[in-house]
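Below: the structure, in structure tokens.
The values are calculated or read from the model by the stated rules, or taken from the named source; none is laboratory data. Computed from a prediction, not measured in an experiment: that's the story for all the values here. Ideal geometry is used to build each Cβ from the backbone, glycine not excepted, and the neighbour counts take in all protein chains shown. Surface areas here come from the heavy atoms of the whole protein model, side chains and all, with no ligands, DNA or RNA. Shrake-Rupley method; radii C 1.70, N 1.55, O 1.52, S 1.80 Å.
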Amino acid sequence: MGKIIVTGASGHLGTSAIRHLLDLGVQASNIVGVVRDKAKGTALADLGIELRLGDYDNAASLPSAFEGGEKLLFVSASSMDNTLRVRQHSAVVEAARNAGIKHIAYTGFAFPEKMTIGLENVHMATEYMIRTTGIDYTFLRNGFYLELLVNEGTAAAVEAGTVISAAPTGKMNYVTRDNLARAAAVVLTGEGHANKIYELTAAEPFSYDEYAAVLAEVSGKLVVHKALPAPEAVSAMVSAGVPEGGAGFMVHVVDAAIENGEFGTPSNDLVNLIGDAYTPLKAAVEAAIKG
Ligand SMILES: NC(=O)c1ccc[n+]([C@@H]2O[C@H](COP(=O)([O-])OP(=O)(O)OC[C@H]3O[C@@H](n4cnc5c(N)ncnc54)[C@H](OP(=O)(O)O)[C@@H]3O)[C@@H](O)[C@H]2O)c1
């Protein structure tokens with residue numbers, strides 16, 4: 001078996017995917033982690049993972065990073081500049097083709113054809129680039145990370161007794177990043193995934209009301225959802241410590257799309273891929289609050 005090359009290996013998803021590859025029985029010697037800075041990959045190096053330097057902004061760095069690879073887990077770039085990301089991604093796809101990679105698993109965005117928030121354009125463009133190569137692909141269309149909601153700030157929301165949003169009724173199909181990493185590892189180690197598209201979202205999307213109810217149930221405290229007009233929701237988040245740019249994006253872009261039904265589409269693809277490893281909302285909240 002040739003090597004599995006994982007880009008973005010220093011990031012949350014890439015590191016987690018490598019850990020799941022090991023868990024699924026892949027030998028460390030068959031995995032390569034591509035990083036921009038080897039100092040960020042020391043935890044992986046300690047696990048016996050070979051680290052190679054590769055920068056999407058430097059096409060000349062990619063041939064040696066991808067050499068000898070059979071499969072590529074291509075983790076999308078993290079720049080906020082979507083036009084730049086298309087150029088970065090095209091460098092990766094071209095290098096994968098030239099290196100003779102046989103299968104590209106690409107981490108995109110769930111239900112991109114239904115979305116209007118802008119990120120979908122990068123991911124659809126990248127999927128089409130990958131199709132131009134004729135290489136087998138699996139499009140891992142990742143849902144939004146549940147960690148956007150359920151994170152180190154969750155305990156504070158419980159203490160305050162309120163979840164603030166600008167989406168009174170819309171639903172979210174968010175899933176944990178670790179579950180998405182598991183799905184990538186399952187695809188890379190299993191059969192039958194060539195030229196498949198997986199919409200990796202929750203099977204049962206939930207509203208902010210339902211999220212607040214889960215917080216209340218798990219914590220045993222009174223927690224309610226307050227839907228505010230967008231400007232007030234931004235102000236409330238900024239007062240709670242969220243940077244203004246981030247609060248604006250979450251309210252004006254994400255909550256608006258949630259209310260528009262764009263994040264409400266369910267899928268069983270993730271559950272079908274990872275089975276019992278799937279983390280439902282309540283379990284994620286329990287882990288965040290109770291540790
Ligand atoms: N589904 C969602 O809700 C969601 C949310 C946020 C992001 N995303 C997307 O999913 C990707 C993975 O998520 P994550 O949580 O693992 O993000 P992350 O922790 O920020 O990791 C991003 C990884 O991409 C690498 N990278 C960025 N630009 C690069 C470049 N020019 N050349 C080579 N590597 C580059 C980073 O390297 P360095 O360590 O050197 O920076 C890092 O390893 C993100 O990059 C983004 O495209 C999805």
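Miscellaneous remarks
- Taking every protein chain into account, the accessible area of the range 220-291 amounts to 53 square angstrom per residue (probe 1.4 Å).
- What the range 1-129 shows is 44 Å² of accessible area per residue, with the surface traced by a 1.4 Å probe over protein heavy atoms.
- Neighbour count of at most 11 Cβ within 10 Å plus DSSP loop: longest GluC sites (Glu not before Pro)-free window in the chain: 1-151
- Computed log₁₀ I(q)/I(0) - Debye formula, equal Cα scatterers, no solvent, the chain, q 0.07, 0.08, 0.10, 0.12 Å⁻¹: -0.27, -0.36, -0.55, -0.79
- Taking the C-alpha atoms only, the angle from helix 82-98 to the longest principal axis of the chain is near 30 degrees.
- Relative to the longest principal axis of the Cα atoms of the chain, the long axis of helix 230-239 lies at roughly 80 degrees.
- Remark: accessible surface ordering of His89, His252, His20 (largest first) is His252, His20, His89, probe radius 1.4 Å.
- Relative contact order computed over the range 3-142 (Cα-Cα under 8 Å; 6+ residues apart), in percent: 21 percent
- Other residues lying with their Cβ under 13 Å from the Cβ of Leu53 contribute a combined charge of -1, Lys and Arg counting +1, Asp and Glu -1.
- For the range 7-136, a simple Cβ point-charge model (Lys and Arg +1, Asp and Glu -1, everything else neutral) yields a dipole of about 20 debye relative to the Cα centre.
- If R0 equals 35 Å, the separation of the Cβ atoms of Ala287 and Thr133 corresponds to a calculated FRET efficiency of about 0.35.
- Relative contact order [Cα under 8 Å, 6+ residues apart], the range 148-209, whole percent: 52 percent
- For Asp81, solvent-accessible area (1.4 Å; no DNA, RNA or ligand), Å²: 80 Å²
- Where both bridge residues fall in the range 3-142, DSSP classifies roughly 5% of the beta bridges as antiparallel.
- In Å, descending, principal axis extents of the Cα set of the range 199-281: 40, 31, 20
- In degrees, nearest ten, helix 208-219 long axis to first principal axis of the chain (Cα): 90 degrees
- Taking the chain and dividing mean pair separation by its residue count, relative contact order in percent (alpha carbons under 8 Å, at least six apart): 18 percent
- Straight-distance candidates among the lysines for linking to Lys102, with alpha-carbon spacing under 21 Å and chain neighbours fewer than 8 residues away dropped: Lys3, Lys71, Lys196.
- C-alpha center-to-center spacing [the range 207-228, the range 122-195] in angstrom: 22 Å
- Ligands, DNA and RNA left out, the 1.4 Å accessible surface of the chain is 52% carbon and sulfur atoms.
- Nearest-0.05 FRET efficiency for Leu53 and Glu152, computed from C-beta distance (R0 25 Å): 0.20
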